[in-house]
Amino acid sequence: MPALLLASSSPYRRELLARLQLAFSWQSPSIDESQRAGEAPTALVERLAAEKARALSRDNPDHLIIGSDQVAVLESGQILGKPHDLERAQAQLRAASGSSVTFLTGLALLNTATDHCQVDCVPFTVHFRQLDDERILRYLQREQPFDCAGSFKSEGLGVSLFRSTEGEDATSLIGLPLIRLVDMLLNEGVEIP
């Protein structure tokens, strides 16, 4: 099997990939993650996932490189990124209160030996409870999810903000859709388990 490389510095993605019990390394790619004019959210995450994988390909021949990118999209079509601070996180959760947010996770698997790149987007929708300002502040102070798109951690206390969820792969909500990744790895001849 070619060496497996995760093109991400995200501890959440590393933790998810470790579930597959495959040896892997990780590196942080350096790319411009800006949305292009007129670029739809699905196209954005697919492009960024592939660019992250390709950014590390020259220095990593004979590797399978995993790239992933995620955005949260409000019902209005507005994209929510990582808030980075309390004020932005409060605004994001106010906007999500009582409505639905779809998380789009772009996934790419690049075989640097063949230059074959599989790319997909896996959606997952979260339906939020009505959230008042006090509840939002209490949550943000406890969990501080300022490095998470949408301002919550579904694998933690963030689940208390949900009314329901829908999607085919709950791991896509955390940022690395393992079910689809296993499909891609199987296509490259990687046996799991």
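Bear in mind that the values in this text are calculations on the coordinates, not laboratory data. Note that the structure is predicted; figures quoted are calculated from it, not measured. Because the Cβ atoms are built from the backbone with ideal geometry, glycine has one as well, and the counts that use them run over all protein chains shown.
What is the fewest-to-most order of THR42, THR112 by other Cβ atoms lying within 10 Å of their Cβ? Provide the component values of the computation, followed by the final result.
Values: THR42 16, THR112 22.
Taking fewest neighbouring Cβ atoms as first place, the list is THR42, THR112.
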Requested in this report: Please determine, in degrees from 0 to 90 and to the nearest 10, the orientation of helix 86-96 with respect to the longest principal axis defined by the Cα atoms of the chain, where the helix direction is its Cα long axis.
Outcome: 80
Query raised in the report: Once the stretch 104-193 is represented by equal point scatterers at the alpha-carbon sites, with solvent omitted, what log10 I(q)/I(0) does the Debye formula produce at q = 0.11, 0.17, 0.21 Å⁻¹?
Result: -0.42, -0.78, -0.99
Query raised in the report: What is the ratio of the Cα radius of gyration of the stretch 42-154 to 2.2 N^0.38 Å, where N is its residue count, to two decimals?
Result: 1.26
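Rounded to two decimals, what is the ratio between the C-alpha radius of gyration of the stretch 1-93 and 2.2 N^0.38 Å? Kindly include the intermediate steps, with their values, before the conclusion.
Details: Rg = 15.2 Å, N = 93, 2.2 N^0.38 = 12.3 Å.
Against the empirical 2.2 N^0.38 Å value, I get 1.24 for the stretch 1-93.
Looking only at Cα atoms, what is the convex hull volume of the chain per residue, in Å³? Don't skip to the answer; put the middle values down first.
Values: hull volume 21.7 nm³, N = 193.
Hull volume normalised by residue count: 112 Å³.
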Report summary line: So, over other residues within a Cβ distance under 12 Å of SER172, counting Lys, Arg +1 and Asp, Glu -1, the net charge is -3
Report summary line: Listed residues ILE79, ILE174, ILE31; largest mean-square fluctuation, Gaussian network over the chain with Cα springs below 10 Å, found at ILE31
